[in-house]
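Each remark here refers to the structure printed beneath this line.
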Amino acid sequence: MNRKKPATAYPCAVIGAGEIKDYEAVSALLEPDAFVVCADGGLEHCRHMGLTPHLLVGDWDSLTGAVPAGVERVPLSPDKNYTDSYHAVQEAMERGYRRLLMTGMLGGRLDHTLANLGLLAYVVKQGYSALLTDGVCHAFALMGKGELHLPQRPGCYFSLLALAPCRGVTILGGKYPLNDYPLSPWDPRAVSNEFCGSDVTVLQQEGALVVLSQPK
């Protein structure tokens with residue numbers, strides 16, 4: 001697949017077996033020669049996007065169809081403590097990739113979706129940069145003290161979800177501002193905010209935060 005490299009292109013993709021709603025949008029986020037890691041049944045998504053994976057990780061419980069020749073495999077036991085997606089992400093990080101596009105990890109089973117949001121936070125906590133997306137919904141993580149620049153997406157809402165109690169959460173540039181707020185996992189205060197014609201900045205003093213951007 002021929003793709004022009006966008007300014008924010010990712011050099012590595014980790015593809016799970018969950019939903020991808022817009023293959024073209026996901027492909028546009030990747031460098032043309034991106035390193036592709038498939039978590040088990042994520043191989044089917046590669047076929048739809050015209051990609052040949054470099055690495056296949058899993059216990060093969062959701063794998064369908066033939067594996068392309070020459071693809072490196074990392075077999076996992078079905079009796080494992082972590083998901084195929086977790087192991088696939090670990091492989092990508094261990095091979096030196098600092099910016100990861102995580103896709104095929106939303107939708108389907110709710111437990112896997114929630115676990116993958118936690119996996120996104122784990123990646124960011126380790127000091128890496130990551131975007132979790134199905135091509136329509138984008139998810140970012142903010143861990144500890146810092147700020148997150150959220151690009152404007154016309155026709156989209158953005159929401160902040162706390163994975164752990166957060167302190168000093170501030171939203172700049174949104175329709176509904178927030179200032180030095182203690183956001184907790186049981187508080188939906190920061191759901192369904194709106195862009196106001198410009199990018200948004202999210203800041204926090206402490207905590208684990210997931211920021212979602214998705215169509216209205």
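The values are calculated or read from the model by the stated rules, or taken from the named source; none is laboratory data. Predicted model only: the values in this text are computed from it and were never measured. All Cβ positions, glycine included, derive from the backbone under ideal geometry; neighbour counts span all protein chains shown.
Scanning for something within 16 Å of ALA17 (Cα to Cα) and without any contact (Cβ under 8 Å) to a residue 60 or more places away in the chain, does region 90-98 turn up at least one residue?
no
Checking the structure you have, find out if any residue of region 6-15 is under 25 Å from ARG109 (Cα atoms) and surrounded by fewer than 15 Cβ atoms within 10 Å (Cβ to Cβ).
Scanning region 6-15, I find no residue that is under 25 Å from ARG109 (Cα atoms) and surrounded by fewer than 15 Cβ atoms within 10 Å (Cβ to Cβ), so the answer is no.
Could you say whether any residue in region 169-177 is closer than 28 Å to CYS46 by Cα, at pLDDT 95 or above and either outside the structural domain of ASN81 (by TED's automatic domain parsing) or under 20 Å from the mean Cα position of the chain (by Cα) (or both)?
No, region 169-177 has no match at all.
Please work out which residue is farthest from GLN90 (Cα to Cα), limiting yourself to region 18-64 and to residues that are outside any loop (DSSP other than H, G, I, E, B) and of a type in the set (Phe, Trp, Tyr).
TYR23
So in region 125-141, with the set limited to residues that are aliphatic (A, V, I, L, M) and surrounded by 22 or more Cβ atoms within 10 Å (Cβ to Cβ), which one is farthest from the chain's Cα centre (by Cα)?
ALA141
Go through (1) outside the structural domain of MET49 (by TED's automatic domain parsing); (2) more than 25 Å from ASP22 (Cβ to Cβ); (3) among the small types (Gly, Ala, Ser) for GLY127 and report which single condition fails.
(1)
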